[in-house]
Amino acid sequence: MAGEAEFLEMFQRNSMREAVVSRRPQEKPQESEEESCPAFGYLRGLHERGLAVEFRLRNGNSEFFPYTLLGPWRHNPSAGILLKFTGGDVVSLVLIRGSNLEAMVNQTMNLTDRGLQRHRITFVREMDEAELRRAGAGEPTIDHIDIAEFESNEELQEWLKKTAPAFMRR
């Protein structure tokens, strides 16, 4: 019978395919390249670098800044983190206010020297009131993110004086 011969041939081919497939090394499920906590997300690999950082605002809007435009930045534990992005004639300041901003997450990452300084932070997000209340003692929290653009140094200094006087230079 032709049908029986075709069936046997197909069975043998499939058995051969299964034997080859079963000899292949089993692939592990791929782990995510990113981790996060309620306040920020980061790249896991020690040598990984992000192209940009996203600032997620409580109102649902996001702003992205490439790390290539990140200039000097300052951390004052009582006032927050002040980032300066410079592109063309415009300077953008991002003021991140919160608590425990230098606190370790998963014993491997923090927002400051292990995160932003090494370009491993992928996003920073404002947390809502319920999330802020749920945060454990010593856990990083982001209360507010201010973003402003300036075309002159005078405008920038005036904004700093009004919004973040702790970062004013004397």
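The values are calculated or read from the model by the stated rules, or taken from the named source; none is laboratory data. Being a predicted model, the structure only gives us computed values, none of them experimental. Because the Cβ atoms are built from the backbone with ideal geometry, glycine has one as well, and the counts that use them run over all protein chains shown. Only protein heavy atoms, including side chains, enter the accessible area calculation; ligands, DNA and RNA are left aside. Shrake-Rupley method; radii C 1.70, N 1.55, O 1.52, S 1.80 Å.
At a glance:
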| quantity | calculated |
| --- | --- |
| Rounded percent of accessible protein surface that carbon and sulfur make up, region 98-137, 1.4 Å probe | 41 |
| Accessible area per residue in Å² at 1.4 Å probe, computed on region 33-141 | 52 |
| Label-point separation in nm, Met168 to Asp128, each point 7 Å along Cα→Cβ | 3.7 |
| Contour excess over end-to-end distance, with Cα ends at Asp113 and Glu155 and 0.36 nm allotted per residue | 12.2 nm |
| Alpha carbon centroid spacing (whole Å) that separates region 45-99 from region 109-148 | 11 |
| Semi-axes of the equivalent ellipsoid for region 53-153, Cα gyration tensor, largest first, Å | 23, 15, 12 |
| Distance (nanometres) between label positions extended 7 Å along Cα→Cβ at Ala137 and Glu33 | 3.9 |
| Cβ-based net charge around Trp73, under 15 Å, with every Lys or Arg adding one and every Asp or Glu removing one | +4 |
| Amide H contacts of Arg58 (H built 1.01 Å from N, under 5 Å, at least 5 apart or other chain) | Glu126 |
